[in-house]
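Accompanying notes for the structure given below.
The values are calculated or read from the model by the stated rules, or taken from the named source; none is laboratory data. These numbers come from a predicted model, not from an experiment. We place every Cβ from the backbone using ideal geometry, glycine too, and count neighbours over all the protein chains shown. Ligands, DNA and RNA are stripped out before the accessible areas are found, and what is left, the full protein with its side chains, is counted by its heavy atoms. Shrake-Rupley method; radii C 1.70, N 1.55, O 1.52, S 1.80 Å.
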Amino acid sequence: MRISLIQTSQNRKDELARFVKSLNAQVGIDFGRLQLVFVDQEDNAEVYDELDKRIDFTYIKHEHCSLSCARNIGLRYATGDYVGFPDDDCWYETDVLKRVFAHFADGHAGVVARGEDESGKPTNDFPQNAQRLTLYNHCGAISYTIFLKRVASVTFDENIGVGSPYRLSSGEETDYLLNVMRAAGTMVYYDPHIIVHHPASGNGNFRNDETKQYEYARGWGYVLRKHKYPVSIVLKSFVRPLGGSLLSLFQFNVAKAKHSFLLLRGRLEGYFYKL
C-alpha cells in the first residue's frame, strides 16, 4: 500500500521547507510507501535536498499554470494506491500519515482530516465527531485535508480552482472528491484526530479579499449545478448571503452587507455560468 502526495508551488520556499520538515517527522510508517510528487512552477528544488532519502521523490519543472492543471500533471506521475494534495503552506502533525494508512488498511476509499491554523483554530466548518461523508455532506473537506483512493480516470476539472480562466476559483477539490466517491465508493470518513495545519487564509494571488471571496463564490456556484445538488442546498447557498446582506443593511454595516452581496452574486453567476 503506497500513497502519493502531489504538491505544487510558485515561490514559497520557507513554507515548503516547513512542510518537508513535517513530512520527515512522520512516525509509525514505512517511508518506502511514500511518494512525493512536486510540480515546481518557480525555482524551489533546493528545498527538497532536505527530504528524507527514503521517500520516493518525483520532481517536475513546469511553467506557471492553474492549481488544477498542476495537480493533473502530478497525477500522471503518481504511483501510489492513494493520493493526497498538500498545499505548499500546510504542514502535518507527526501522526497524520500513520492514521491515514490505518484508515486505508480498514478498506476505506478515503479519509478527511481536520484543518487547523497556527493557533489551533479550525480552518473550515469541521464537525467535532468522526463520521462518514455523503455526496452532499463533505464535513468541511479542503484539498490539503483529503486523502483518497487513486482512480486513474478521475482528474481535476481545469475550468475551476485557483487560476481558473473563468474566475471559477474554488470547488476543484469538491469536484474531485465527489468523482472519486462515485467511482470508488462512498466509504470516505472524516477523522477529527488527524490534524493538518494551514495558515489563516490570506489573499494569496488575488488582488484583495473581496476579489478572492467573489471568485471562490463563483466556483462554488458552478459546482452546485455541475453535480446537481439538491434544491434545499442550492437555495440555502443563495438565501444565506441574501439574508446576511439585508440584515447587515438594517444594522448599517455596509462593509458586511457588501461582503454578503458579493457571495450571493458570485454564487448566482457561477451557478448559471456556461463554459
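A count restricted to the stretch 186-201 and to residues that are open to solvent by 30 Å² or more (accessible area, probe 1.4 Å) and modelled with pLDDT under 95 stands at 4. In the stretch 10-43, of all residues being touching a Gly at 6+ places or on another chain (Cβ under 6 Å) and touching a residue at least 40 places away in the same chain (Cβ under 8 Å), the one that is farthest from C90 (Cα to Cα) corresponds to Q35.
Can you tell me how many residues in the stretch 221-247 are in a helix (DSSP H, G or I) and open to solvent by less than 50 Å² (accessible area, probe 1.4 Å)? So that I can check it myself, show each step before the final result.
Pass one, the stretch 221-247, residues in a helix (DSSP H, G or I): 221-226, 231-247.
Among the residues that remain, those that are also open to solvent by less than 50 Å² (accessible area, probe 1.4 Å) are: 221-224, 233-234, 237-238, 241, 243-245.
Of the residues in the stretch 221-247, 12 are in a helix (DSSP H, G or I) and open to solvent by less than 50 Å² (accessible area, probe 1.4 Å).
With the structure loaded, tell me whether G120 is in a loop (DSSP other than H, G, I, E, B) and free of Cβ contacts under 8 Å to residues at least 24 places away in the same chain or whether it fails that test. Here the answer is yes, as G120 does meet what is asked. For the stretch 79-100, filtered to residues that are more than 20 Å from F38 (Cβ to Cβ) and assigned to a loop (DSSP other than H, G, I, E, B), the residue that is nearest to the chain's Cα centre (by Cα) is E93.
From the list H108, H103, exactly one residue is under 27 Å from S22 (Cα atoms), in a helix (DSSP H, G or I), of a type outside the set (G, A, S) and open to solvent by 20 Å² or more (accessible area, probe 1.4 Å). Which is it? Please lay out each step first, then the result.
Values: H108 fails: in a helix (DSSP H, G or I).
Answer to the check: H103.
Residues in the stretch 88-100 that are of a type outside the set (S, T, Y) and either open to solvent by 30 Å² or more (accessible area, probe 1.4 Å) or over 19 Å from Q7 (Cα atoms) (or both): W91, E93, D95, K98, R99. For V37, indicate whether it is under 20 Å from I146 (Cα atoms) and either surrounded by fewer than 16 Cβ atoms within 10 Å (Cβ to Cβ) or among the aliphatic types (A, V, I, L, M) (or both). Yes; evaluated as a whole, the condition is true for this residue.
Among the residues of the stretch 147-166, the one identified as crowded, with 20+ Cβ neighbours inside 10 Å and farther than 19 Å from T8 by Cα is K149. Residues in the stretch 43-62 that are touching a strand residue (DSSP E or B) at 6+ places or on another chain (Cβ under 7 Å) and either outside any helix (DSSP H, G or I) or farther than 16 Å from Q7 by Cα (or both): N44, L51, I55, D56, F57, T58, Y59, I60, K61, H62.
A quick yes/no check of all residues on (1) more than 30 Å from P165 (Cα to Cα); (2) of a type in the set (S, T, N, Q):
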residue: R18; (1), (2): yes, no
residue: S22; (1), (2): yes, yes
residue: Q26; (1), (2): yes, yes
residue: L36; (1), (2): no, no
residue: F57; (1), (2): yes, no
residue: R71; (1), (2): no, no
residue: R76; (1), (2): no, no
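The one condition from (1) open to solvent by less than 10 Å² (accessible area, probe 1.4 Å); (2) more than 14 Å from the chain's Cα centre (by Cα) that S169 does not meet is (2).
Restricting the search to the stretch 50-87, which residues are aromatic (F, W, Y) and open to solvent by 30 Å² or more (accessible area, probe 1.4 Å)?
First pass over the stretch 50-87, keeping only residues aromatic (F, W, Y): 57, 59, 77, 82, 85.
Within the stretch 50-87, F57, Y59, Y77 meet the criteria.
You will find that of R71, R99, the residue that is under 16 Å from H197 (Cα atoms) and of a type in the set (K, R) is R99 and no other.
Of all residues in the stretch 16-34, those satisfying the criterion of being touching a strand residue (DSSP E or B) at 6+ places or on another chain (Cβ under 8 Å) and either crowded, with 16+ Cβ neighbours inside 10 Å or more than 29 Å from A105 (Cβ to Cβ) (or both) are L16, R18, F19, S22, L23, Q26, R33, L34.
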